[in-house]
Amino acid sequence: MTLQTAGIHHITAFAGDPQANVDFYAGVLGLRLVKKTINFDAPDVYHLYFGNEEGAPGTIITFFPFPGARRGRIGGGQVGFTTYVIPAGTSEFWRERLRSFGISFTEADRFGEHYLQFKDNEGLQLELVEREDGAASTWTFGGVPADKAIKGFGGAVLYSVDPQRTAYVLESVLGMEKVGEFAGFARFRATGELGNLIDLPMTAVPRGAGGAGTVHHIAWRAADFDEHEMWRGAVSSGGFQPTPVIDRQYFHAVYFREEGGILFEIATDPPGFAVDEDPMHLGEELMLPEWYENKRAQIENGLLPIEVREPGSRTQG
Ligand code: ZN
């Protein structure tokens, strides 16, 4: 049996100032900060997770905000656009909202769908597309009512230095189905309702450089821990060298770099973000894995304080 991923589990990117990151993803986009923790491999840096109310797989974007970080260059070997799904009929609401924050956007069509494309405060490329698929958001924040809110990821546009090889991984390792070609893009579909449509420009993109405003990796969903073990085997069989299984507290992870240069992760749906916090109060306290608790005071001292705040409370007009 060939394994098939349901689609994107999360996307992880680099940012600069952590408060500006919160102000954009919670304040402008209306997402929920579902987890405030640290980079487990570099505990002097936050790891911030934004998603829908419960932080469901397929809705989660995560950031390592390094204050004063140098900007990267978006290019091959990275996610080019992170695509968010909004409810049908809400594009005009989002045009008005982006305008009200002074965020310029362009409009594009792909595979018969209409996209609003813009950048976050660090230059990360984002787009919004209306779709019927995917459960409606239940989260209301910052002037985005639940019935207009982002539902989660629609998918992503992958920038590959070797698109044929990236297409091979998507189909033969991740079990996606190629469903179309349009204007130089190939489209691949995973089995889920969110994070399931992956668009790949079939012309190689010159290699980018990591830094603020670029994606570090994209993670694909494994249904449970047993399936995760099978995924690790499938990645090996596909000719790649996966890392050992790593416990990321909210999911288990394995990583491998595909030949188009993009760092892929396979992440488990369980246990999720309520494993160490009350679902009603996700993201409010700094959460540390057990093995860092004895250094909490030192870690907290090294982090800039951040808060989730209504856009109106900002100094801009
Ligand atoms: Zn990850």
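The values are calculated or read from the model by the stated rules, or taken from the named source; none is laboratory data. As the structure is a prediction and not an experimental result, all values here were calculated from the model. Note: ideal-geometry Cβ built from the backbone for every residue, glycine included; neighbour counts use all protein chains shown.
Out of the residues in the range 217-233 that are of a type in the set (G, A, S) and buried (at least 19 other Cβ atoms within 10 Å of the Cβ), which is nearest to the ligand (Cβ to nearest atom)? So the residue we want is A219. Selection of the range 74-133 for residues being of a type in the set (D, E, K, R), part of a strand (DSSP E or B) and surrounded by fewer than 21 Cβ atoms within 10 Å (Cβ to Cβ) yields E107, D109, R110, E113, K119, E130. In the range 82-101, the residues that are under 22 Å from G58 (Cβ atoms) reach residues that are in a loop (DSSP other than H, G, I, E, B) and modelled with pLDDT of 95 or more with C-beta atoms within less than 6 angstrom, at least six apart or across chains, in these pairs: Y84/I150; V85/R131; V85/G134; V85/K151; I86/I150; A88/E132. Scanning the range 282-300 for residues that are within 15 Å of Y250 (Cα to Cα) and either modelled with pLDDT under 95 or among the small types (G, A, S) (or both) yields G283, P289, E290, W291.
For the range 274-312, name all the residues that are of a type in the set (A, V, I, L, M), in a loop (DSSP other than H, G, I, E, B) and farther than 18 Å from D17 by Cβ. Residues satisfying the conditions are L282, M287, L288.
Restricting the range 3-23 to residues that are within 11 Å of the chain's Cα centre (by Cα) and not hydrophobic (A, V, I, L, M, F, W, C), the residue that is farthest from the ligand (Cβ to nearest atom) is H9. Determine if the range 11-33 includes at least one residue that is modelled with pLDDT under 95 and not polar (S, T, N, Q). No, because not a single residue in the range 11-33 is modelled with pLDDT under 95 and not polar (S, T, N, Q). Exactly one residue out of I306, I266 is among the β-branched types (V, I, T), surrounded by 14 or more Cβ atoms within 10 Å (Cβ to Cβ) and more than 16 Å from the ligand (Cβ to nearest atom), and it is I306.
The set of residues in the range 32-73 being buried (at least 20 other Cβ atoms within 10 Å of the Cβ) and basic (K, R) consists of R32, K35, K36.
Within the range 200-216, being buried (at least 22 other Cβ atoms within 10 Å of the Cβ) and touching a Leu at 6+ places or on another chain (Cβ under 8 Å) holds for L200, G213, T214, V215.
Checked against (1) among the aromatic types (F, W, Y); (2) touching a Leu at 6+ places or on another chain (Cβ under 6 Å); (3) part of a loop (DSSP other than H, G, I, E, B), F153 passes all but a single condition, namely (3).
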